[in-house]
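What follows draws every value from the coordinates through simple rules; no lab data is involved. These numbers were taken from a predicted model, which means no experiment stands behind them. All Cβ positions, glycine included, derive from the backbone under ideal geometry; neighbour counts span all protein chains shown.
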Amino acid sequence: MTIGTISTVGTLLGTVVVSGVVMPTIGTGISTTQPAAGFTAIGVWLATSQSINVAVMPGLFTTTQVTTGTAQAVWIMNPTTVTVTIAGTTTGTVSISGVALVTGPVATTGLPVWIQNQDVGRTNVVIIVTSTGAGAFATTMAITVYIDTSQITAGAANWVIPANKSFRIKAINMMVSNSSVTTPVQVRGFVIASTATPTWTSAVPIQAGIMAVAPAATAPAFANANPEAGIDSGKTIAVAATAQTNAFIGIIMVQGYLFP
């Protein structure tokens, strides 16, 4: 049934579909209410000079906030931007599909998550002190440095850790021997670091160390250490050794890696 103009008070049975703009006039003393599903509406009395305008606009859907219960799904035609403001605390599961831009402070509470260590970005480093002749010494040693498959230095006094990288010492290996038949010799090796060129003094910080004792000429010694020492980028690395008379250093090898 199509109704053109309603100017009298009457009763309509069945379903009434309203489209376009509805501008009802409320007379004196008439009480009008708008029922809401599941709620009790409040009566509103209007003066004779007041009116209610109801506009039905295509593509626009407005609803009041639902404090409890389950809300209905709303589909919005593209391209439409929807701004959602959540005040207070939201609990439970919130699912957002598509692209969501979140602004302002957001605090969330959920299950604890442990992220496995990511073993990435490591570059192998080997520092070698080659053999020395017999004698007593207490000084920094000439070193050869290999990074990955490249030789960086050869017989240099020190090595500077590259920028934006840290150096992790994983192992130190040392082999020493003794030129004396009966007198034991003690050899100690140290990895030292400084912001400047490191020298073998008590003031230079020791990062890692190793020691071996060769009891006699027929009994060379081998030692291994796993210090797990880390040194920041930009520091200068050197290897120092001290030994008694008649000591030979076969090799000192420092192994580690660079990481971000």
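In the list Ala247, Ala154, which residue meets the criterion of being small (Gly, Ala, Ser), surrounded by 14 or more Cβ atoms within 10 Å (Cβ to Cβ) and either in a strand (DSSP E or B) or without any contact (Cβ under 8 Å) to a residue 60 or more places away in the chain (or both)? Step through it out loud before you land on a result.
Values: Ala154 fails: surrounded by 14 or more Cβ atoms within 10 Å (Cβ to Cβ).
Going through Ala247, Ala154 in turn, the sole match is Ala247.
If you check Asn173 against the conditions, is it part of a strand (DSSP E or B) and either exposed (fewer than 15 other Cβ atoms within 10 Å of the Cβ) or among the polar types (S, T, N, Q) (or both)?
It is true that Asn173 is part of a strand (DSSP E or B) and either exposed (fewer than 15 other Cβ atoms within 10 Å of the Cβ) or among the polar types (S, T, N, Q) (or both).
Would you check if there is a residue in region 193-200 being crowded, with 18+ Cβ neighbours inside 10 Å and among the aliphatic types (A, V, I, L, M)?
Scanning region 193-200, I find at least one residue that is crowded, with 18+ Cβ neighbours inside 10 Å and among the aliphatic types (A, V, I, L, M), so the answer is yes.
Please state which one of Val204, Val187 is within 42 Å of the chain's Cα centre (by Cα), more than 23 Å from Phe259 (Cβ to Cβ), crowded, with 17+ Cβ neighbours inside 10 Å and among the aliphatic types (A, V, I, L, M). Let's see the steps before the verdict.
Values: Val187 fails: within 42 Å of the chain's Cα centre (by Cα).
Matching residue, one of Val204, Val187: Val204.
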